[in-house]
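One structure below.
Every number in this text was worked out from the coordinates using simple rules, so none of it is lab data. Note that the structure is a prediction, hence the values are computed from the model and not measured. Using ideal geometry, Cβ is built from the backbone for each residue, glycine included, and neighbour counts are taken over all protein chains shown.
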């Protein structure tokens, strides 16, 4: 409901980048530039200083940004309150998810939720945990699913389910024959890691640091699928969620070895602390938490058989 020009200005001011704002808003950069020009003409003042390829808020831009925060917040609250009056679950649902959760857990959850509430229109943004949280803060997503907890003070975190990370390697790899692996033993082998900003990367780095072990990655991969492909060639091992390699395990492409001590983490849902949430968002959060926990419990049961 808020003026689109104000939404665009808010995104540019947050990032101090027209390019990043365009990506966040799913717009082209020329369209973002046009909206900013419209707003500056409306107020008859410059909102940004542009020099040497960088931008900064002018005094007028700083004032406008403060009001934009308040106006967009009130607009979102009004939208939520009015939707609540309808008494049914419907409308757009903007969800962000880290790649692991988006690829291996959320498709089933979204499919079941859509079947139950056909009037809902989910839109899924997939990126690493850091990017998902940034989108929520920028108000371009209603909620997000990440690995671990959020460290951002403006976001609330609720645990959905637990997840175990294990060493994954090719069947021909020297580690494949071991019943378990200690962190110290990993230093003798080539390590393939997720990219910086990944929730999996953060959890693994913290685990290794706590164990007093430093691993230098020979390669980095930006998704679980890419990581599995590299591992299957035998070039090195990775530390991955057990849930991500179920198919490859059945096909005999990779082997999983538990870490000792065991490496556990949890998947969480995050959302803005101060925003009033619609019935749709609250219903989906409750549904997703229940289904994700059930899916992980079923996977644990199957692995134990």
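Worth a mention:
- Region 157-305: C-alpha pair distances exceeding 21 Å, %: 48
- Residue among 60, 13, 232 with the largest mean-square fluctuation in a Gaussian network model of the chain, springs linking Cα atoms under 10 Å: 60
- Candidates 211, 288, 127, ranked by Gaussian network fluctuation over the chain, Cα under 10 Å, top entry: 211
- Dividing the Cα radius of gyration of the chain by 2.2 N^0.38 Å, with N the residue count, gives 1.15.
- Shape summary: region 145-223 maps onto an equivalent ellipsoid whose semi-axes, from the alpha-carbon gyration tensor, are 27, 14, 13 Å in decreasing order.
- Here the Gaussian network model covers the chain, with springs between Cα atoms less than 10 Å apart; of 176, 293, 119, 119 fluctuates the most.
- The smallest convex shape that holds all Cα atoms of region 196-283, its convex hull, gives 152 Å³ per residue.
- Normalised by 2.2 N^0.38 Å, where N is the number of residues, the C-alpha radius of gyration of region 1-119 stands at 1.34.
- Exposure proxy order (Cβ contacts within 10 Å, fewest to most) of 33, 28: 28, 33
- Taking the DSSP bridge list for the chain and keeping only pairs wholly inside it, about 60 percent are antiparallel.
- Residues 285, 89, 12 arranged by fewest to most Cβ contacts within 10 Å: 285, 89, 12
- Report summary: the helix-based calculation at 222 nm, which adds -39500 (n - 2.57) for every DSSP H run with n ≥ 4 and divides by the residues of the chain, gives -15000 deg cm²/dmol.
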